[in-house]
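Beneath this line is the structure, given in structure tokens, with notes to follow.
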Amino acid sequence: MIHEPSQEERRERERMVKDQIGRRGVRDERVLQAMRKVPRELFVERNDRACAFHDGPLSIGHGQTISQPYIVAYMTEMLAIGSADRVLEIGTGSGYQTAVLAELAAEVYTIEIVEELSVRAQGLLRAQGYSNIHFRAGDGSLGWSEAAPFDAIMVTAAPDRTPERLIDQLAEGGRMIVPVGSVEQNLELLARRGGAIERRELIGVRFVPMTGRAQKGEA
């Protein structure tokens with residue numbers, strides 16, 4: 001069943017977009033509209049709904065979190081997603097970032113290593129009417145080779161270094177955003193241009209570590 005937000009939830013979401021996102025420099029109107037539309041309150045734990053629009057991450061269980069609204073919007077804007085793009089997301093988590101991507105892209109392929117989270121997110125997103133999202137439970141550091149290449153890749157867990165298999169799955173002109181590091185993390189924006197990979201360091205962040213092969217140094 002598609003969620004019908006209350007007037008208070010609508011007001012809180014609009015305030016979140018205005019005060020936490022717009023005032024901090026996110027300008028892409030398509031991104032701002034997606035953040036206004038997606039009901040963040042549905043993707044947090046029921047006991048945390050009063051905090052759904054706060055400026056910070058929240059636990060979703062299994063040692064994972066839903067990122068703070070600003071980081072979701074910032075990473076999405078930096079990927080410059082077009083309406084015809086095919087996007088790979090590593091780390092479905094709650095499904096909130098997935099929904100934002102699905103508002104912008106033609107297709108989203110999302111991988112979550114914790115099967116219970118993948119199943120929960122799949123139920124939430126399908127109940128909200130999304131039909132352009134493909135789900136997989138598994139090791140995200142391997143990517144989704146049979147659906148590659150991708151116009152954009154978003155990684156929402158931090159490896160010590162960007163997995164080469166993900167870089168290999170970027171299309172020409174494709175972009176990838178990924179938090180890299182263990183104790184200190186920085187967002188990196190990668191782009192494939194003329195067969196070469198360009199890297200740009202963005203801002204300091206704190207994400208949960210990427211597990212699976214990346215955690216073992218095998219990715």
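The values are calculated or read from the model by the stated rules, or taken from the named source; none is laboratory data. Quantities reported herein were computed from a predicted structural model and do not represent experimental measurements. When we count neighbours, we look across all protein chains shown, and the Cβ atoms used for this are built from the backbone with ideal geometry, even at glycine.
Contact map, the stretch 77-91: first residue more than 21 Å from residue 141 (Cα to Cα), second residue β-branched (Val, Ile, Thr) and in a loop (DSSP other than H, G, I, E, B), Cβ cut-off under 7 Å, separation 6 or more or different chains; pairs are 77/26.
State all residues of the stretch 168-205 that are surrounded by fewer than 17 Cβ atoms within 10 Å (Cβ to Cβ), under 18 Å from residue 75 (Cα atoms) and in contact (Cβ under 8 Å) with a residue 24 or more places away in the chain; if no residue qualifies, say none. If the condition is that a residue be surrounded by fewer than 17 Cβ atoms within 10 Å (Cβ to Cβ), under 18 Å from residue 75 (Cα atoms) and in contact (Cβ under 8 Å) with a residue 24 or more places away in the chain, then 202, 203 are the ones that fit.
Quick grid of which residues meet (1) closer than 17 Å to residue 130 by Cβ; (2) surrounded by 23 or more Cβ atoms within 10 Å (Cβ to Cβ); (3) not aromatic (Phe, Trp, Tyr):
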{"site": "30", "(1), (2), (3)": "yes, no, yes"}
{"site": "35", "(1), (2), (3)": "yes, yes, yes"}
{"site": "42", "(1), (2), (3)": "yes, no, yes"}
{"site": "65", "(1), (2), (3)": "no, no, yes"}
{"site": "70", "(1), (2), (3)": "no, no, no"}
{"site": "75", "(1), (2), (3)": "no, yes, yes"}
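Inspection of the stretch 125-137 identifies no residue that is more than 23 Å from residue 37 (Cα to Cα) and modelled with pLDDT under 95.
Taking the residues in the stretch 93-133 that are touching a residue at least 40 places away in the same chain (Cβ under 8 Å) and among the charged types (D, E, K, R) as candidates, determine which candidate is nearest to residue 81 (Cα to Cα). Top of the filtered list is 103.
Taking the stretch 57-76 as the region of interest, how many residues are under 15 Å from the mean Cα position of the chain (by Cα) and in a loop (DSSP other than H, G, I, E, B)?
Of all residues in the stretch 57-76, those under 15 Å from the mean Cα position of the chain (by Cα) come to 57-58, 60, 64-76.
Right, trim to in a loop (DSSP other than H, G, I, E, B) and you get 57, 67-68.
Adding up the residues that qualify gives 3.
In the stretch 78-98, the residue that is farthest from residue 40 (Cα to Cα) out of those that are surrounded by 24 or more Cβ atoms within 10 Å (Cβ to Cβ) and of a type in the set (Gly, Ala, Ser) is 91. Filtering the stretch 68-76 for residues that are within 25 Å of residue 168 (Cβ to Cβ) and in contact with a helix residue (DSSP H, G or I) (Cβ under 6 Å, 6 or more places away or on another chain) leaves a non-empty set. For the stretch 120-132, residues that are of a type in the set (A, V, I, L, M) and surrounded by fewer than 13 Cβ atoms within 10 Å (Cβ to Cβ) total 1.
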